[in-house]
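Here the structure is laid out as structure tokens; the discussion comes afterwards.
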Amino acid sequence: MKRPTTFTPCVGIYMLLLVILAACNGSKEAPPFPVTASEFKQPITKNFEFSKTDTIVWTTKAPANLKPIPIKKFDWNKLPSKPVDLGLPVPFKGISDAKPFSLGELPSIPFNIDSLAKTELTIKVTILGEPEIVKAGKLNNQPGATRGVMTAAGLGLPSTARTIFEDSKGMLWIGMDGNIARYDSENLEIYGLKQGFKNNSVGALFEDSKGRLWVGNAGEALSVIDFKGKLIYEISSSFPTSNIFEILEAHDGKFWLTNQNIGYDIIDLEENSIRQITPDDGLLGTFTLSIYQDKDGLIWLSSNGGANIIDLKAGKILQLTTENGLAGSFTSGFYEDNEGRVWMGSGNGASVLNADRTTISQYLNSELFEGMNGFIATVQDSSGSLWMGGANGVLYQLDETNGLLQRFNVASGSTGTQAILDIVEDNQRQIWVAVAQGGLYKIDPNSGSPGNFTVADGLTSNEVWETLEAEDGKIWIGTYLGIDIYDPQTKTIQNLGRAQGLVGDRSSRLKQDSKGRIWSLGDNAGLSIIDPIKQTIQQLTTVQGLETNSNHGLVERADGEFWLGGAEGELTTVNIEDSVFKYHLPSSAENVFRNNVIVSDNNNIIWVAGIGSGLQRIDPTTNERVFITTEEGLISNTVYSIVIDNENNIWAATDLGVQFINIETNEMTTFTTDEGLAANDVYALALHNGEIYTGTSRGLTILRAKIQADQQMPFWEAKTIGRTQGLDLLDFSENSFTFDRNNRFWAGVQGEMLTVMDALVVDSTSTPTYVTGINILDQKQQFYDKASLEANRIGLDTISGPNSNDFITVDGIEKDNSFITNEGVNWNTIEGNYNMPVGLTLSHTQNYLSFNYNGTYFANNDRVVYRYILEGIDKNWSPISQEKVSENYRDLPSGSYSFKVASKGFNNVWSEPSSFNFTILPPWWLTWWAYLLYALLLLYLGYRVHLYQRARTLEKARKNAQLIELEQAKEIKKAYAELKSTQSQLIQSEKMASLGELTAGIAHEIQNPLNFVNNFSEVNRELIEELKEEKAKPKKERDEKLEEELLTDIDQNLEKIAHHGKRADSIVKGMLQHSRASSGEKEPTDINVLSDEYLRLAYHGLRAKDKSFNANMETNFDDTIGKINIIPQDMGRVILNLITNAFHAVQEKKKLGEKGYDPIVSVSTNKTRNGIEIEVKDNGNGIPDKIIQRIFEPFFTTKPSGRGTGLGLSMSYEIVTKGHNGELKVTSKEGEGTTFTIVLPPTKEPKKAKKTVN
Amino acid sequence: MKILVVDDERDVQLLFQQRFRKEIRNNELDFAFAFSGEEALTYMDNHNQEAVLILSDINMPGMSGLELLEQIKQNFHKPPPVVMMITAYGDKENYDTAMKLGADDFLTKPVEFGILKEKLKAML
């Protein structure tokens, strides 16, 4: 089981999209209707092989042992004879010559319609209730009636039927005592008292030009039913009325009605009047039955005194009586046939006026229509046959084209008056006959009208086992009591029995040989050979040479040899002329089965069908034999019958079905009940007009192969003649089929009767099929047309309720509590025979539907099959079924639907599909505006989500930004710290770098004082040695002056040593001072000394690095400056930096090799008003304008990477400006040199200031 | 014979006078001192090429010893004085330049007075 889906908004939206997509899909077209579809399967064809060949060995009977064949004489005239009516037509004798006729010469009297007696109509209006619908029963053979007459007694009519009428929509109406009913072959829709219909005996039904149904009563009432308004108009007046048998709407809109015993009534609805025409007005009699208006407008009225022809224009009545050529004075019916002839029935027969009204002929009952009494109703059917009904229940069918006349005894008994007033051919060519005294009958002239004949009809025995049409056209009927021989000419049966010379009673197999003799087999006493001409019977038994007396199969070969099949497998050949008898007995291993049928094919090959042994194929010239049995694919070895078609193929009937065996292709095609057989046990076979007639135990199934244009295989159709078609019994007798020269079918059935069936009329008409109802939520719904109801009720004063005398207000439609009204089902109007709604729209809750449907199969309404499709939901047509209601469609989605249904009946022709359209509305939440709403909601939702998402994103971005900022801040902080430390490191490294640069210079600077120290100390030692030498000399030799001089020198030298020692000391101190981190303390410093010191240091440093370096140093110190307060380390660094740069600048320029260039770096100090200026000047290349702005930026350097930190000048700038509140200025001229000037503010030292002032 | 010592270090005069005290007393050597290149040239002009041997430092503010050498070798020919260069920077470049300019000898500081005495005695 599938897990219920969790409904999430996302899924919802997805589903919504799906629904929208589905809604946009539109309705699906149904596949085309499969016209060849059948409720039966198509037969299966399989290959087969014959068995192995063996050879038959014949034994010849010794002639010496044979006795001569006894011959019995019989006399046709002395055979017992009985009249038998098998309902077969007889040749129409024709009529005597026509006599001249002229309407103008008829006697006439003046006639004025306005001078007729007239009175007002009283019209009572009653609501017409919904009819009671009952399932109709079946029509059955009318006992005692002629073959083909079926009675509607079993139809289930509520009361005695007296009249029948077909309305303009093809529906049959039956008028009864107190009721009328509409009949559609499936149901009866009955209107009676419950429906507000009051009429005790319906004599006439008539549909007027407005579709209203007029119901004439044999009693006092006339009702007009308005179905559109659902009203019954009961029309009455002060005039007496009686039997209304015929109603006519004249061209002028007036209604003419018979009023038996009075004359005719003329009703003018516009005038609300009724007039009566009686013998007083010139009518020839009061017994009136028929009205007819011809194309000239003449109104023909029948009466018991003759025909009255009213010429309204001329204002006269023409009187036509026997004196003017009428066959009888009691005129009973008028009918204009297709040729324009007017048939005028009378008690003695019909008088027929030709189309020109120039001749009159008489069709006298006494001459032509045996047994007919009176001549009332005449109808010409669609095949041209005229059907004439008499007053005694006798009906004649006159087929003028074929010159055939057939009499039908319709009503049983034929006692008393059985007036056939109505003959109707319905739209399915069924002839309906209503008898005014009660009784409704039907004849189907197209479905064979099978008859059921027994001893009661004149047969000698009910055990009919064989039929044969002899060369003379007589039908030989083989029974267990001899042979009944029917003579169609005399309509008699003669019996030929054992008494007349047959060897035995049983005659179950009859064959006529090439000499016209009829062989009678089937009795176990032997066989009889009857010569109808010589009127002799030869008796052939074992005594005369037969191997067995019990023979069933018989065939005559071309050479005159007869083959006989014995009851226990014997095969005997008979040469009767030469008395040669040969036989073959089955071996014990073979069979002891009856060789039931023997036939010879076009190649003179013998086929033997055995009941139990299958088929044997014997070549008589070689005596070679092969079998076809179940081993070879035969459906059963019990083969009752075989026939051979024109192509030499075998049809075999077995107890398990029928097989078609194609000898050429070695194929077998099998037919069973699945393929349409009425039953699988098939006892008789006949090929006729390309159809295969199979006699089963449950009826006669006719197989027909329909060649399909685009298919190799034919399409097989099957139809079965059964009880509905008129067969009383169904189990056909073995091998009893015969088709006579009139294509009439003869057969024995069930050993109990003979059936005779006319040739089936090829019928390719399709039968109207209707959707008859719709069931909503399993309830059948009645629809009505409110607008039509209202329109048809306008102007009415009062309407009675159907069941009582309560009145309904005129403007009101009766209250309707039906489902469709309460549930708000919508439709526009109704249409068709079943009031189906047009434009039906159902709500989504009413999507549980089924449909009723019906084909109006007035003929053969059994085995009608249907298939339907609900376009919009079904992909294919439904399976073929006899159901008359569709499956229940549940949970139909909203959309447009078309229910289509088609039917197929006896003739295997599918009807045009009938369709019914409706719409299921979507629930409001699936309508377009709901979708619109959803779309808007979706948009809104999307918008909200968008807003939310945006807000969220923004918030996120903000937070991220914050984080990033925070991070950045941290990083900045860190970087700042790092930078700080890097800076201090850089500063330190800058210091150390410059220290490095200075080292060499310092070393050099130290070297000089050290040299002095060393040299002077050495010199002193020499001097001291010299002094000592002098002192060691005797006094006199001593040079005192020298000694003094020496001591002075020594002293002087020591002074020099001390001086240079100090000098070195100060240099080292300065260096250490430089390398030391700045104390940050300002102290009084001699800026001149500082500058000089660093100038030297720088010079020697550079020299040390670059030996070629040389430059002139100039100093110009202002000695008045004195000491100023500075941070010596820092300021020294600045000066060193500036001087180093200056040296670099001049060195750069010198490298260019300019002639006469004298690199000069000068350092000067100057005391000004603004403070102290220290100027470092070079005559190098100068600084380009472009970069002079940037030289104080940190890390800015023009030196190659790795050669300078780029911090020197920026640090110098910092030190001067921030550390000392001074200024560091630069002026430069490209190509000429640069001057850096440090301007330090005056030292605020009071002492100094005083001094300065002083 | 006169020897002109050119050095920016003034104490060089005292040092030389002390070191060559005996030779000076014995008038074996006669020293003159100049404290820059320019001063040396002035001396040379004024004393008419009195000095026959010139001892010059190279690294001096103003005119360097090498420039002085060049001047002497170009301007003073009768007789051409012997010029000995003394420098703290006894590198090859200095040496080559000095030799190219016509220096007669090249001494590096600190001067070994013993060796210098020998050279002077030998030269004279």
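None of the figures in this text is laboratory data; all of them are computed from the coordinates on show. The structure displayed is predicted, hence computed values, not measured ones. Virtual Cβ from ideal backbone geometry, glycine too; neighbours counted across all protein chains shown.
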(request) Take the cross-link list A:Lys442/A:Lys904; A:Lys118/A:Lys313; A:Lys1186/A:Lys1225; A:Lys1041/B:Lys119 and give me the ones stretching past 25 Å between alpha-carbons. (result) A:Lys1041/B:Lys119
(request) For A:Glu965 and A:Ala314, compute 0.36 nm times the residue count separating them, minus their Cα-Cα distance, and round to one decimal in nm. (result) 222.2 nm
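To the nearest 0.05, how large is the calculated FRET efficiency for A:Ala37 and A:Arg723 if R₀ is 35 Å and r is the Cβ-Cβ distance?
Working: r = 26 Å, r/R0 = 0.74.
According to the calculation, E is roughly 0.85.
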(request) Would you kindly state how much longer the chain becomes between A:Thr490 and A:Thr630 on full extension, computed as 0.36 nm times their sequence separation minus their alpha carbon distance, in nm to one decimal? (result) 45.5 nm
(request) With a/c under 1.5 counting as rounded, go ahead and sort chain B into rounded, prolate or oblate using the C-alpha gyration tensor (a ≥ b ≥ c being the square roots of the eigenvalues; past the cut-off, prolate if a/b is larger than b/c, else oblate). (result) rounded
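Report the relative contact order of chain A, percent, no decimals, based on alpha-carbon pairs under 8 angstrom and at least 6 residues apart.
Here the relative contact order equals 8 percent.
Determine, for A:Met171, A:Met757, the number of other Cβ atoms within 10 Å of each Cβ, and report the residues in order from fewest to most.
A:Met171, A:Met757
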(message) When a/c reaches 1.5 or more, the comparison of a/b and b/c decides; with that in mind, is chain A rounded, prolate or oblate per its Cα gyration tensor?
(response) prolate
(request) Report, in whole Å, the centroid distance computed from the Cα atoms of segment B:14-47 and segment A:687-705. (result) 167 Å
(message) Starting from 0.36 nm per residue, how many nanometres of slack lie between A:Val1089 and A:Glu664 once their C-alpha separation is accounted for?
(response) 138.6 nm
(message) Between helix A:9-25 and chain A, what is the angle of the helix's C-alpha long axis to the longest principal axis, kept within 0 to 90° and rounded to the nearest 10?
(response) 40 degrees
(request) Neighbouring Cβ atoms within 10 Å as the yardstick, rank A:Thr258, A:Thr1168, A:Thr278, A:Thr724 fewest first. (result) A:Thr1168, A:Thr278, A:Thr724, A:Thr258
(message) Tell me the mean residue ellipticity at 222 nm calculated for the protein assembly as shown from its helices only (DSSP H runs of n ≥ 4, each -39500 (n - 2.57), averaged over every residue, nearest 500).
(response) -7000 deg cm²/dmol
(message) If I model a spin label at A:Arg1190 and B:Glu38 as a point 7 Å from the Cα along the Cα→Cβ vector, what separation in nanometres do I get?
(response) 4.1 nm
(message) Let's test the formula: R0 of 22 Å, r as the Cβ-Cβ distance of A:Glu1018 and B:Met99. What FRET efficiency results, to the nearest 0.05?
(response) 0.15
(request) Calculate how steeply helix A:1087-1105 sits against the longest principal axis of the alpha-carbon atoms of chain A, using the helix alpha-carbon long axis, and give the answer as 0 to 90 degrees to the nearest 10. (result) 70 degrees
(request) Taking chain A as the reference, fit the longest principal axis to its C-alpha atoms, fit the long axis of helix A:1128-1151 to the helix C-alpha atoms, and give the angle between the two in degrees, 0 to 90, nearest 10. (result) 80 degrees
(message) Between A:Trp76 and A:Ala456, how high is the FRET efficiency from 1/(1 + (r/R0)^6) when r is the Cβ-Cβ distance and R₀ = 25 Å? Nearest 0.05.
(response) 0.50
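Pairs A:Lys169/A:Lys786; A:Lys169/A:Lys228; A:Lys194/A:Lys230; A:Lys1082/A:Lys1218: which are spaced more than 19 Å apart, C-alpha to C-alpha?
Where the Cα-Cα span goes over 19 Å, the pairs concerned are A:Lys169/A:Lys786.
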(message) Projecting each Cα onto the charge dipole of the protein assembly as shown (Lys/Arg +1, Asp/Glu -1 at the beta carbon, about the Cα centre), which of A:His1144, A:Ala307, A:Thr669 comes out farthest on the positive side?
(response) A:His1144
(request) Taking the dipole about the Cα centre of the protein assembly as shown, with the C-beta of Lys and Arg at +1 and of Asp and Glu at -1, give me whichever of A:Ile267, A:Thr45, A:Ile1238 is farthest to the positive side. (result) A:Ile1238
(message) Using a 7 Å offset from the Cα along the Cα-to-Cβ direction at both A:Thr621 and A:Trp58, what is the distance between the two label points in nm, to one decimal?
(response) 1.5 nm
(request) Would you list, by chain and number, the lysines whose Cα falls below 25 Å from the Cα of A:Lys515, excluding same-chain residues fewer than 8 positions away? (result) A:Lys61, A:Lys67, A:Lys72, A:Lys73, A:Lys78, A:Lys474, A:Lys534, A:Lys582
(request) Along Cα→Cβ, 7 Å out, is where each label goes; now give me the distance between the ones at A:Val543 and A:Thr1227 in nm to one decimal. (result) 18.0 nm
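For peptide A:1015-1021, how many partner chain Cβ atoms fall within 10 Å of a residue's Cβ, on average?
Across A:1015-1021, the average partner-chain Cβ count within 10 Å equals 4.
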